[in-house]
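Only one structure is covered here, and it is reproduced in the block below.
The values are calculated or read from the model by the stated rules, or taken from the named source; none is laboratory data. Worth saying up front: this structure is predicted, and the values here are computed from it rather than measured. A quick note on method: Cβ atoms are made from the backbone with ideal geometry, for glycine too, and the neighbour counts reach across all protein chains shown. Heads up: the accessible areas ignore ligands, DNA and RNA and are worked out on the full protein's heavy atoms, side chains in. Shrake-Rupley method; radii C 1.70, N 1.55, O 1.52, S 1.80 Å.
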Amino acid sequence: MKVLQLVTSPRPFFDQQVSALEARGVDCTVCSVPGAHRGDSTRSPTDYLRFYPKIRSTLRSGEYDLVHANYGLVAPFALAQRTRPVVVTLWGTDLMSEQSWLRSLSQYSARHAAATVVPTQTMSRALEADHELIPFGVDTELFRPMPKAEARDRIGWDTDRPIALFPYDSSRAVKDYPRARRLVDRAAVDLELRTVTGVDHDKIPDYMNASDVLLVTSKRESGPMVVKEAAACSLPVVSTDVGFVRETIEHVQNCVVSDDDDALIDGLETVIESDSRANGRETIDGLGIEALGADLHGLYRRVLGRDEPTSHRTEAGHGV
């Protein structure tokens with residue numbers, strides 16, 4: 001099976017998805033939107049105008065079975081070609097966007113695709129088309145608990161102070177670093193705020209295990225995957241109520257999800273005073289990369305008429 005994967009910009013979780021599919025014998029070619037995307041910057045309309053000719057050229061060069069559009073912005077380009085069936089995966093900031101045109105574009109694409117995937121219950125309830133609920137997978141071999149002292153030694157953190165990890169570039173407005181700074185400063189515990197950015201993805205587990213709590217203050221998120229990765233490392237999480245955070249960790253000990261500053265501060269204080277880890281690893285059971293690969297491979301086979309339907313499918317606007 002040969003699949004053309006369309007994406008705005010590859011992300012670590014997308015790269016893992018492709019690797020999981022290839023491990024199951026799916027030959028994937030990745031085609032991303034031309035131009036550069038960094039932080040809060042976006043590509044230009046010209047970059048997207050160059051994207052469709054790139055897709056057509058790639059399709060002519062190989063015998064592809066289907067096209068998988070990953071994110072609402074690239075879905076119309078997949079649907080514009082009429083020769084291969086299209087699978088669409090919505091990521092969250094498309095279907096749940098503050099921009100009505102992007103929400104509408106995502107809904108339209110979902111209705112016209114051969115199959116649509118969403119990764120969260122919240123998105124499942126919002127989508128007005130038949131779809132499949134397939135959560136993003138976590139590399140549980142890479143993201144795993146390890147002793148804090150060992151992790152700090154590996155990354156050179158020479159301190160005994162508790163650390164709140166802010167896992168983003170502090171200059172990205174949507175991540176709201178000033179709020180994170182304010183919360184830590186107001187907390188009535190000894191707590192140091194540290195950011196991590198520009199680090200290879202396979203090094204992130206060291207930073208998580210070297211920390212005492214993950215602090216997310218984002219104004220909006222499509223995930224964030226970093227919360228699932230923290231759960232896999234048994235790292236407590238204190239986060240604003242964005243993306244799939246609540247459904248991921250609301251039943252995990254030593255974790256708090258709220259949009260209220262006082263509740264977030266209380267969460268930070270409780271985590272540091274208890275000096276204990278979370279039981280988040282239990283919540284991601286069955287959400288490994290292998291399961292994601294198996295689910296998507298099965299979906300591809302059903303779209304191509306090679307397998308029977310499964311219970312993953314949901315009705316429009318209703319979660320499973």
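Worth pointing out:
- Within segment 175-211, backbone nitrogen closer than 20 Å to the virtual label 7 Å beyond the Cα of ASP153 toward Cβ: 203-211
- Solvent-accessible area per residue for segment 137-241 (1.4 angstrom probe, square angstrom): 40 Å²
- The DSSP beta bridges internal to the chain are antiparallel in roughly 5% of cases.
- In Å², nearest 10: area of ASP169 left accessible to a 1.4 Å probe: 60 Å²
- Label point at ASP307 placed 7 Å out along Cα→Cβ; residues across segment 1-33 whose backbone nitrogen lies under 19 Å: 1-5, 16-29
- Legend: distances between Cα atoms for LYS2/LYS228; LYS148/LYS203; LYS148/LYS219; pairs beyond 21 Å are LYS2/LYS228; LYS148/LYS219.
- Among the listed values (i) 64, 46, 35; (ii) 53, 47, 32; (iii) 61, 39, 37, the one computed from these coordinates for Cα extents along the principal axes in Å is (iii).
- Theoretical ellipticity at 222 nm over the chain - DSSP helices of four or more residues, -39500 (n - 2.57) apiece, nearest 500: -10500 deg cm²/dmol
- Here's the picture: charge each Lys and Arg Cβ at +1 and each Asp and Glu Cβ at -1 in the chain, and of ALA230, PHE51, GLY72 the one pushed furthest to the positive end of that dipole is PHE51.
- Modelled spin-label separation between VAL189 and ARG82, with each label point placed 7 Å from Cα along the Cα-to-Cβ direction: 6.1 nm.
- Exposure check, 1.4 Å probe, all protein chains in place: ARG11 carries approximately 80 Å² of accessible surface.
- The largest accessible area among ASP295, ASP160, ASP307 belongs to the first residue in ASP160, ASP307, ASP295, and the rest follow in falling order (1.4 Å probe, all chains).
- Accessible area in the full protein assembly, largest first, 1.4 Å probe, for LYS175, LYS219, LYS54, LYS2: LYS219, LYS54, LYS2, LYS175
- Residue-level accessible surface for MET1, protein heavy atoms, 1.4 Å, Å²: 50 Å²
- Cα-based shape type of segment 1-141, given that a ≥ b ≥ c are square roots of the gyration tensor eigenvalues and the cut on a/c is 1.5: rounded
- Taking each residue as 0.36 nm, the span from ARG144 to ARG56 lengthens on full extension beyond its C-alpha to C-alpha distance by 27.6 nm.
- Remark: the chain carries a charge dipole of roughly 1600 debye about the Cα centre, counting +1 on each Lys and Arg Cβ and -1 on each Asp and Glu Cβ.
- When a 1.4 Å probe is rolled over the protein heavy atoms, the share of accessible surface on the chain that falls to carbon and sulfur comes to 45 percent.
- Leading residue at positive end of dipole, the chain (Cβ point charges), from SER61, PHE14, GLY35: SER61
- Under a model in which nothing but the beta-carbon of Lys, Arg (+1) and Asp, Glu (-1) is charged, segment 149-234 shows a dipole of about 560 debye around its Cα centre.
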